[in-house]
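In what follows, a single structure is set out as structure tokens and then discussed.
The values are calculated or read from the model by the stated rules, or taken from the named source; none is laboratory data. Keep in mind it's a predicted model, so treat the numbers as computed, not measured. Neighbour counts are summed over all protein chains in view; Cβ atoms, including those assigned to glycine, are modelled from backbone coordinates with ideal geometry. When the accessible area is computed, the model is the full protein with side chains, heavy atoms only, and any ligands, DNA or RNA have been set aside. Shrake-Rupley method; radii C 1.70, N 1.55, O 1.52, S 1.80 Å.
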Amino acid sequence: MANILSFFLVIYLLNFSPILCLSSKANNYGYLYPQFYDRSCPKAKEIVKSVVAKAVATEGGMAASLLRLHFHDCFVKGCDASLLLDSSGTIVSEKTSNANRNSARGFEVIDEIKSALEKECPKTVSCADILALVARDSTVLAGGPTWEVPLGRRDSRDASLSDSNNNIPAPNNTFNTILTKFLSQGLDLVDLITLLGAHTIGNARCTSFRQRLYNQYGNNLPDYTLDQSYAAQLRTRCPRSGSDGNLFFLDYVSPTKFDNSYFKNLLASRGLLNSDQVLATMNPMSLALVNVYANNNEIFFEQFARSIVKMGNISPLTADRGEIRKNCRKINS
Ligand code: HEM
Ligand SMILES: *[C@@H]1O[C@H](CO)[C@@H](O)[C@H](O)[C@H]1NC(C)=O
């Protein structure tokens, strides 16, 4: 069964996805394309890359934090940099949502990029495009795949705390809830599994998976889909209560290297979050794809590039919609 599914999945990945990719039309108002700043700000991509490289050289963990920002932006009103706005006036910042509070980080790096770009070419490069470029550069710096980043997004003039709470999946959401949240963004099952491969780098706090260690089912038993010796290790630094902010690698095998070991961990019942492990336990198609990726890093890399470009195409503001913010933290006055 798993072998037959894997066979069709590989066929799908190798043949059909590029077709889907070509049809990744941004929206009815315009298209994104990689050359968008070639004339208006030819050094834009280089400037972004150099600031990201410096930040990651200073702190390796920053690559993961920066990659995650693009996801948390795109799932809320599209990839429009709504995530970056601080609270002020009518804006209620998304930074205080369940997914972002005490967790989303790297905003100072985005600020540094923005001020370098404003010096080079004022009011030209959007904060939303910065997030898309930064996601690519961070992935590459961590050893992952590269891709051309379609550009031309503009920045929102508002934010949505409620969409941030509702649209970004929680680590204890069921497989079906998570899939539904991806489908409603125009992403499919393959995109979901592939993009979750981003958890090959970075950290999660104790509070994001404690439930699995102690009381997964409301009867004081740990999650039986979690390797019990791994669970015992995790409990030493994630007690029943307290130490909420203690950090754990999402991929304990190679925490700063972007590779397919995340999928190997899932097969060994060593996914950190419940939302990671369900990819291997709740759906045969999903398990088949986890197997494909665990066995073939290259197929994972190729599909990751396609799926993240697709995610980056979620409802961008183009043409005369939105604005190019001067400061990513506030709307222009
Ligand atoms: C089912 C969907 C997802 C869920 C439930 C989820 C949940 C989480 C949680 C709970 C954390 C740890 C946060 C903390 O404790 O502070 C995390 C971290 C992270 N997530 Fe996800 N995530 C999902 C999808 C994604 C996607 C699609 C990407 C990127 C393409 C991504 C990239 C990351 C990265 C890189 C980190 C590490 C951040 C850091 O070290 O600062 N995640 N995620
Ligand atoms: C999921 O986690 C949240 C936050 O910790 C908690 O309030 C909620 O009860 C949990 N949901 C389930 C189904 O366990």
Residues of the stretch 199-237 that turn out to be farther than 19 Å from Asn173 by Cβ, among the aliphatic types (A, V, I, L, M) and either within 16 Å of ligand 1 (Cβ to nearest atom) or part of a helix (DSSP H, G or I) (or both), as a count: 4
Selection count, the stretch 132-186, where residues are over 24 Å from Asn260 (Cα atoms), within 16 Å of ligand 2 (Cβ to nearest atom) and among the aliphatic types (A, V, I, L, M): 0
Within the stretch 204-224, residues aromatic (Phe, Trp, Tyr) and either away from ligand 2 (no atom under 13 Å from the Cβ) or open to solvent by 70 Å² or more (accessible area, probe 1.4 Å) (or both) come out as Tyr217, Tyr224
Among Ala268, Ala319, the single one that is surrounded by fewer than 17 Cβ atoms within 10 Å (Cβ to Cβ) and farther than 27 Å from Arg212 by Cβ is Ala319
Kindly check whether there is at least one residue in the stretch 65-86 that is at pLDDT below 95, more than 16 Å from ligand 2 (Cβ to nearest atom) and over 18 Å from the mean Cα position of the chain (by Cα). no
In this structure, does Asn265 turn out to be within 17 Å of the chain's Cα centre (by Cα) and not small (Gly, Ala, Ser)? no
Can you pull out every residue in the stretch 167-186 that is within 9 Å of ligand 1 (Cβ to nearest atom) and within 14 Å of Gly78 (Cα to Cα)? Ile168, Lys181, Phe182
If you check Ala63 against the conditions, is it surrounded by 22 or more Cβ atoms within 10 Å (Cβ to Cβ), in contact with an Asp or Glu (Cβ under 7 Å, 6 or more places away or on another chain), in a helix (DSSP H, G or I) and touching a residue at least 24 places away in the same chain (Cβ under 8 Å)? no
Residues in the stretch 96-112: is at least one within 16 Å of ligand 1 (Cβ to nearest atom), open to solvent by 30 Å² or more (accessible area, probe 1.4 Å), among the basic types (Lys, Arg) and part of a helix (DSSP H, G or I)? no
Filter result (touching a helix residue (DSSP H, G or I) at 6+ places or on another chain (Cβ under 8 Å), open to solvent by less than 10 Å² (accessible area, probe 1.4 Å) and not in a helix (DSSP H, G or I)) within the stretch 122-132: Val125
For the stretch 233-254, which positions are within 15 Å of ligand 2 (Cβ to nearest atom) and of a type in the set (Asp, Glu)? Asp244
Output yes when any residue across the stretch 209-217 is modelled with pLDDT of 95 or more and closer than 30 Å to Cys79 by Cα, and no when none is. yes
